[in-house]
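**Q** I am attaching a structure below and will ask some questions about it afterwards.
The values are calculated or read from the model by the stated rules, or taken from the named source; none is laboratory data. Note that this is a predicted model, so its numbers are computed, not measured. Cβ placement follows ideal geometry from the backbone for every residue including glycine, while neighbour counts extend to all protein chains displayed. What goes into the accessible areas is simple: the full protein's heavy atoms, side chains included, and nothing from ligands, DNA or RNA. Shrake-Rupley method; radii C 1.70, N 1.55, O 1.52, S 1.80 Å.
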Amino acid sequence: MKDESARVRWEQRTQKPLMGLAVAFAVAYAVPIVHSSASESVTVGCAVVEWTVWGAFAVDYLVRLGLTERRGAFVRRHWLDLCAVLLPMIQPLRLLRLVATLLLVGQRARMASQIRLTTYVAGAVVGLLMFGSLAVLSVEREAPEGNIRTLGDAVWWSFTTMTTVGYGDHAPTTGAGRLLAVGLMLSGIALLGLVTANIAAWFISRFESDDAEERRQTEAIAALTEEVRALRAEVAALREPR
């Protein structure tokens, strides 16, 4: 129990710093893509920031694992974190660093009790739109047959893909771009299902609350009725001649 409380304290203390590092990662990932003519020093600096942020989340996972008494159960329960930590080590691609960091940020965000579901969903939508746009622009801008050449094209494509509208005016032509499209479509469907389920749960909760209040009022009325009957019986008994 002591180790578990230490892990909880670690997660609480590192929550905000890791989210700040995630913002730094977002900036470092976006700069070389938006400004394709950036100097080599800027590009290298952004890559260093990306790897540093991923390394910080990897260290965070290892520390949490070290502070956990039942490490096997921790690994099984947080297997997605482990995959995100190992993913960039398989092949040093920027896209893998992006996916891994997004997974790690999402896992840590879900641990924060102060972040409500609505805030998390809104942040996930904005994050997926932003990173999906940047990622597809980075792989499609130089494609010979591609038609996603500007950030505006990429944002429009990401929005129509996440909402599963798919106008078809912009579409990826590379393998990596199509993988991104599949990921965005599945993410959009999952987020829509999450929002729908949350709204349905809210309505059900309201209906159950109203039903419970109605039952409480009915029971109170029934109790009052019984009391009135008892009082009438006592009054009738007092009026009877002795």
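**Q** Heads up, I need the accessible area for THR52: 1.4 angstrom probe, whole protein in place, Å², nearest 10.
**A** My reading of the accessible area for THR52 is about 80 Å².
**Q** Moving on. Over region 1-57, with the other protein chains present, what is the accessible area per residue in square angstrom, probe 1.4 angstrom?
**A** Accessible surface, normalised per residue, equals 58 Å².
**Q** How large is the accessible surface of VAL75 in square angstrom, using a 1.4 angstrom probe and rounding to the nearest 10?
**A** It works out to around 50 Å².
**Q** Sticking with this structure for a sec: Which order do you get for TRP202, TRP157 if you rank them by accessible area with a 1.4 Å probe, largest at the top?
**A** Of TRP202, TRP157, the descending order of accessible area is TRP202, TRP157.
**Q** Sticking with this one: Taking Cα atoms of region 162-204, Rg/Rh with Kirkwood Rh, to two decimals?
**A** Ratio value, two decimals: 1.18.
**Q** Just the number, please: carbon plus sulfur as a percent of the accessible area of region 179-238, 1.4 Å probe, no ligands or DNA/RNA counted.
**A** Carbon and sulfur together cover 68 percent of it.
**Q** Something else: Enter the accessible area of ASP210 (Å², nearest 10), with the probe set to 1.4 Å and all protein chains included.
**A** Counting only protein heavy atoms, ASP210 exposes about 90 Å² to solvent.
**Q** Further question: Ignoring ligands, DNA and RNA, how do GLU234, GLU145 rank by accessible area with a 1.4 Å probe, largest first?
**A** Reading off the accessible areas and sorting them downward yields GLU145, GLU234.
**Q** Assuming R0 = 51 Å, what is the FRET efficiency of ALA176 and ARG215, from their Cβ-Cβ distance, to the nearest 0.05?
**A** 0.35
**Q** Extending each Cα 7 Å along its Cβ direction at GLU145 and SER205, get the distance between those two points in nm, one decimal.
**A** Between GLU145 and SER205, the label points sit 5.0 nm apart.
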